[in-house]
1. Please verify whether residue 29 is assigned to a loop (DSSP other than H, G, I, E, B) and either under 29 Å from residue 87 (Cβ atoms) or modelled with pLDDT of 95 or more (or both), treating the condition exactly as stated.
2. Would you check which residues across segment 65-80 are within 15 Å of residue 30 (Cβ to Cβ) and in contact (Cβ under 8 Å) with a residue 40 or more places away in the chain and list them?
3. Scan segment 55-80 for residues that are more than 20 Å from the chain's Cα centre (by Cα) and assigned to a strand (DSSP E or B) and report the count.
4. Please go through segment 55-72 and pick out each residue that is within 16 Å of residue 22 (Cα to Cα) and surrounded by fewer than 16 Cβ atoms within 10 Å (Cβ to Cβ).
5. Which residue out of 91, 84, 68 is at pLDDT 95 or above and closer than 28 Å to residue 143 by Cβ?
6. Does residue 133 satisfy being exposed (fewer than 15 other Cβ atoms within 10 Å of the Cβ) and either assigned by TED's automatic domain parsing to the domain that holds residue 190 or free of Cβ contacts under 8 Å to residues at least 40 places away in the same chain (or both)?
7. Among 168, 162, which is under 14 Å from residue 102 (Cβ atoms), modelled with pLDDT of 90 or more and buried (at least 17 other Cβ atoms within 10 Å of the Cβ)?
8. Please state which of the following conditions residue 52 fails to meet, knowing it meets all the rest: (1) over 27 Å from residue 160 (Cβ atoms); (2) under 24 Å from the mean Cα position of the chain (by Cα); (3) surrounded by fewer than 18 Cβ atoms within 10 Å (Cβ to Cβ).
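The values are calculated or read from the model by the stated rules, or taken from the named source; none is laboratory data. All figures in this text were calculated on a predicted structure; none of them were measured in a lab. Glycine also receives a Cβ, built like all others from the backbone with ideal geometry; neighbour counts cover every protein chain displayed.
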């Protein structure tokens, strides 16, 4: 006579428990260190185009939008609901004593008078430039103009370059490799800058 023995197997599912949800608002270009647990944390993001997250939980806002970052530690998880807003270029001309414009293809400076400064100021006031994070590192080439604003002590207040696609790079403290990139919402008219260099007799080396 055969003896049949039956075993009962129970499958236990360990669902991850959400221990908290935090809401954050950032602007494009902002960086922040998220805090969850000290170690053994796995980070993930629902929209990688909106936010980048490192293995240590450091994030950078890349593009306007909404996304969720999840930190997982064992059977626990913490969520960060993040809204990213645009960051806009706002140039203050109030302390500018003089302005220089260099055509980077010619390598010359143009002489700038008061009316020219008004036109340059108008370019920034009439156009909206919003920050973006380039997908690749900035490459040399394609840059047309360099604009520098100086204060009364001849210290650099603002330094910009404009490329052939009307994108603006703001160079912090005038340092070329320290920059923030901005795109126009609509194509600005840069004919004014070309007019500065039509008469070569106005060039200053």
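1. Yes, satisfied.
2. Filtering segment 65-80 for residues within 15 Å of residue 30 (Cβ to Cβ) gives 65-67, 69, 80.
Correct list: 80 only.
3. Number of matching residues: 9.
4. Result: 58, 66, 68.
5. On the way: 91 fails: at pLDDT 95 or above; 68 fails: closer than 28 Å to residue 143 by Cβ.
Testing whether each residue is at pLDDT 95 or above and closer than 28 Å to residue 143 by Cβ leaves just 84.
6. Values: exposed (fewer than 15 other Cβ atoms within 10 Å of the Cβ): yes; either assigned by TED's automatic domain parsing to the domain that holds residue 190 or free of Cβ contacts under 8 Å to residues at least 40 places away in the same chain (or both): yes.
Considered against the rule, which asks whether it is exposed (fewer than 15 other Cβ atoms within 10 Å of the Cβ) and either assigned by TED's automatic domain parsing to the domain that holds residue 190 or free of Cβ contacts under 8 Å to residues at least 40 places away in the same chain (or both), residue 133 comes out as yes.
7. On the way: 168 fails: under 14 Å from residue 102 (Cβ atoms).
So the residue among 168, 162 that is under 14 Å from residue 102 (Cβ atoms), modelled with pLDDT of 90 or more and buried (at least 17 other Cβ atoms within 10 Å of the Cβ) is 162.
8. (1)
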